[in-house]
Amino acid sequence: MSLYVWLRFLHIFGVAVFLFAHGVSGGAAFALRGPVSGHSRALLRLSERSSIFANAGLVLILATGIWMAFAGSWWGRIWPWAAVVVLLAVAAFMGFIANAYRYARGAAGGPDDALAEHLRRTRPMLALWVGAVGLVVLLVLMIFKPF
């Protein structure tokens, strides 16, 4: 078996780890839309812990994707560069959206009204749409290599 096949396996494995762990945070984001409770604080802790695995999956995706682009001599094509731009744009926009969650995680140990204010500023549906559209675009680029 070639190195490229192993890199592709690890790349897809990284995607699976990222999507599973990030899905935990996304699910928690939708469940946090109610009143503040001990349950809310537990969901914020769970979201924070799952992000460790999501970030590890993202690092694996980046490392193997870049390595495969070199191994396959893909850098002369446009689609790998487009994928990098899409990934960075989605990551930047999601980072902007996630600020409210980061503030809520920081306020989880404080009074209910401060936490409730941070949770009111969250936009899980916007995050869902940005992530879903970005994922579809990346899948199209990776599978069809259009240009």
Review point. So is Leu60 of a type in the set (A, V, I, L, M, F, W, C), surrounded by 13 or more Cβ atoms within 10 Å (Cβ to Cβ) and closer than 20 Å to Arg123 by Cβ or not?
Key: no
Check your understanding: Tally time: how many residues in the range 94-112 are under 28 Å from Trp129 (Cα atoms) and either among the aliphatic types (A, V, I, L, M) or touching a residue at least 40 places away in the same chain (Cβ under 8 Å) (or both)?
Key -> 9
Study note, to complete from the structure: Just one listed residue, out of Gly23, Gly76, is without any contact (Cβ under 8 Å) to a residue 40 or more places away in the chain and not in a helix (DSSP H, G or I), and it is Gly76
Check your understanding: Mind checking whether some residue in the range 32-51 is among the hydrophobic types (A, V, I, L, M, F, W, C) and over 23 Å from Met125 (Cβ atoms)?
Key -> no
Practice item. Within the range 40-60, identify whether any single residue is hydrophobic (A, V, I, L, M, F, W, C), over 27 Å from Gly109 (Cβ atoms) and assigned to a loop (DSSP other than H, G, I, E, B), and answer yes or no. Key: no
Check your understanding: So Arg41 fits all but one of (1) at pLDDT 95 or above; (2) surrounded by 15 or more Cβ atoms within 10 Å (Cβ to Cβ); what number is the exception?
Key -> (1)
Exercise for review: Being within 27 Å of Trp6 (Cα to Cα) and touching a Gly at 6+ places or on another chain (Cβ under 7 Å) is the filter; apply it to the range 63-98 and report the residue that is surrounded by the most Cβ atoms within 10 Å (Cβ to Cβ).
Suggested key: Thr64
Check your understanding: How many residues are farther than 16 Å from Leu32 by Cβ, in contact with a Phe, Trp or Tyr (Cβ under 7 Å, 6 or more places away or on another chain) and assigned to a helix (DSSP H, G or I) when one looks only at the range 98-147?
Key -> 2
Check your understanding: Of all residues in the range 96-147, which are under 30 Å from Trp79 (Cα atoms) and charged (D, E, K, R)?
Key -> Lys145
Practice item. Consider Arg121 carefully, then state whether it is among the charged types (D, E, K, R), over 15 Å from the mean Cα position of the chain (by Cα) and surrounded by 14 or more Cβ atoms within 10 Å (Cβ to Cβ). Key: no
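The values are calculated or read from the model by the stated rules, or taken from the named source; none is laboratory data. Keep in mind that what you see is a predicted model, and the values were worked out from it rather than measured. All Cβ positions, glycine included, derive from the backbone under ideal geometry; neighbour counts span all protein chains shown.
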